[in-house]
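> One structure coming up, written as structure tokens, with questions to follow.
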Amino acid sequence: MSTADAALLRATLAAQDQERARIAAELHEDVGQALKAIILGLDRLGRSDGDVATVERQRLRTAATQSLEAVRRIALDSRPPTLDEFGLAAAIRTLAREAEARGGPPVEVLVTTAPPREDAAALPAVAGTPAVAGATAAASTSTAGRGRQSKASEVEVALYRVAKEALANVVQHAQAGAASVVVSRTADKWSIVVEDDGVGFDAAALAPDKGLGLACMRARLVALGGSLDVESAPGGGTSVYGRLGAP
């Protein structure tokens with residue numbers, strides 16, 4: 001194993017451990033604590049009557065509802081049903097809306113999931129940092145707006161995860177005024193480009209413990225025979241380029 005492969009493997013394992021720790025913490029802090037409160041509340045309810053019992057039942061109902069919502073959130077984060085039910089375009093549009101709702105910039109989305117016909121016009125090239133106005137995510141896709149019968153392929157799952165991690169970085173670090181996600185497919189390959197016009201960073205000087213997200217994105221694509229490149233500079237925004245062969 002080469003030095004580069006070993007470094008990628010270490011970063012991938014560290015990212016997986018970090019994700020497991022995050023899920024464990026959410027289960028303990030959100031679900032575990034809520035269930036403990038419900039158990040204690042049921043004990044109090046058995047010793048209460050009248051108005052006190054009514055108030056306690058309402059409190060327990062609220063705690064149970066919050067626990068259910070926490071479980072659903074964790075499950076959705078692990079495998080969003082939108083990806084399987086409505087396809088990659090709808091899932092990435094949802095990511096864009098969520099990123100905007102968390103304080104991120106307007107995110108423009110363009111997803112083309114069907115391979116073009118031989119006589120179809122070539123897809124427009126992705127050039128530079130996008131200039132996006134308004135807080136709406138738009139998409140162009142052959143599957144938008146309707147359900148589908150099959151589960152998402154491993155390639156689509158990988159592209160979704162790259163978009164999710166890249167948009168999380170935009171929200172947390174970029175301080176951007178605009179961002180975009182462009183996913184396209186030709187007859188023999190997929191590509192994804194996530195760009196923002198934010199503060200950027202020195203990619204060459206990024207500390208290993210600060211680049212776990214990037215390492216995880218790269219590992220996902222490399223595992224499927226693809227590649228991922230990042231271009232960024234202080235004050236110059238960030239561009240993430242991913243490429244995969246089409247199954």
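The values are calculated or read from the model by the stated rules, or taken from the named source; none is laboratory data. These figures come from a predicted structure and were not determined experimentally. In this analysis, Cβ positions are derived from the backbone assuming ideal geometry, glycine residues included, and neighbour counts consider all displayed protein chains.
> Being at pLDDT 50 or above, more than 16 Å from the chain's Cα centre (by Cα), loosely packed, with under 14 Cβ neighbours inside 10 Å and on the phi < 0 side of the Ramachandran plot narrows it down to one residue among ARG79, ARG148; which is it?
ARG148
> Moving to a separate point now. Working only within segment 220-244, note down all residues that are of a type in the set (D, E, K, R) and within 18 Å of ALA178 (Cβ to Cβ).
Selection gives GLU231 alone.
> I want to confirm something. Restricting to segment 95-124 and keeping residues that are assigned to a loop (DSSP other than H, G, I, E, B) and crowded, with 19+ Cβ neighbours inside 10 Å, which single residue is modelled with the lowest pLDDT?
THR113
> Would you check if ARG185 is within 26 Å of PRO80 (Cα to Cα), of a type in the set (Lys, Arg) and modelled with pLDDT under 95?
In short, yes.
> Looking at ILE92, ILE74, ILE23, which one is at pLDDT 80 or above and under 30 Å from ALA219 (Cβ atoms)?
ILE92
> While we're looking at this one, here's another question. Does VAL222 meet the test of being closer than 18 Å to ALA96 by Cβ, surrounded by 13 or more Cβ atoms within 10 Å (Cβ to Cβ) and either within 16 Å of the chain's Cα centre (by Cα) or at pLDDT below 90 (or both)?
No; evaluated as a whole, the condition is false for this residue.
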